[in-house]
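These notes concern the structure reproduced below.
The values are calculated or read from the model by the stated rules, or taken from the named source; none is laboratory data. Computed from a predicted model, the values in this text were never measured in an experiment. Heads up, the Cβs are rebuilt from the backbone with ideal geometry, glycines too, and the neighbour counts pull from every protein chain shown.
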Amino acid sequence: MALIKKSLVFAVTLLTVPFLAFSQAEPTGLKIIENVYHRPTSEDMQGDLTMTLTNAHGETRVRRIHQFTRDFGQVEKKIMFFQYPADVRDTAFMTWGYDESGKDDDQWIYLPALKKVKRISSDSKSDYFMGSDFTYDDLGDRHPADDVHKLLREETLDGSPCYVVESIPVQKDYMYSRTVTWVIKDKWIAVKKEFYDEDREHLKTLAVKQYENISGFWIVLHSQMHNIQKNHTTDMALTNVKLNNGITESQFTERMMQRGGR
């Protein structure tokens, strides 16, 4: 579901895809993004995520997370539980992404100090998540119909032939004026995405550093978001990946957020 779909926590779990044989004719920008958005994934997935934040001075902060995701057809649900360090332990974040154009994701965060689940409002979607370089909106699913897409060119990136697609939001006051995405032709994985701010200045770049085929699915194991303007980066490293373990719908509830997944 989503552009660079499964771009991060989530943004990392996010890029899971088996080989697909699409038409050999050169697709349009819209068709390329639709191929990314609609690619099949495993029914469910879980794993351990290490988030490393690095500031302009080279100082780092590390956070460890356990996360779950499951595709229920018209809705994909994701939940993550912070385990380390102590100041964020038991914080939980959940998002439900809908396979319907124009329907916003539902997102919630649980902060143990407040002992309360808070719903993320539309006005807060541009806020940065837990000090990272990902906004709440980045962690959700963006439907292809939310943007106008144009195939700019084809080029090779790290040895892989890619389509390069520009996407301009239909919503005029959206936080990004445009994005540019590199999509591997034979896998339909978005391996690089540039984000431009409201002044059309380059704001940040999401880059996939490592991906592997696990049980017939391409899984991103390492991705990095680099905020160019702040010289700040967020690395996401995924380990202990498990697919199709029968994760139930009861995993994705506010009660489970409050229990820390236990």
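Values for this structure:
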read-out: Failed item in (1) exposed (fewer than 15 other Cβ atoms within 10 Å of the Cβ); (2) over 14 Å from residue 30 (Cα atoms); (3) touching a residue at least 12 places away in the same chain (Cβ under 8 Å), with residue 156 passing the rest; value: (3)
read-out: Matching entry among 184, 228 (being buried (at least 18 other Cβ atoms within 10 Å of the Cβ) and of a type outside the set (Asp, Glu)); value: 184
read-out: Strands (runs of 3 or more DSSP E) wholly inside region 139-208 containing at least 1 residues that are over 19 Å from the mean Cα position of the chain (by Cα), basic (Lys, Arg) and over 23 Å from residue 41 (Cβ atoms); value: 147-157
read-out: Which numbered condition residue 117 misses (of (1) among the β-branched types (Val, Ile, Thr); (2) surrounded by fewer than 17 Cβ atoms within 10 Å (Cβ to Cβ); (3) within 14 Å of the chain's Cα centre (by Cα)); value: (3)
read-out: Any hit, region 62-70, residues being in a loop (DSSP other than H, G, I, E, B), more than 21 Å from residue 226 (Cβ to Cβ) and of a type outside the set (A, V, I, L, M); value: no
read-out: Matching residues, region 101-151, being at pLDDT 95 or above, over 30 Å from residue 163 (Cα atoms) and either of a type in the set (Phe, Trp, Tyr) or in contact with an Asp or Glu (Cβ under 6 Å, 6 or more places away or on another chain) (or both); value: 108, 110, 117
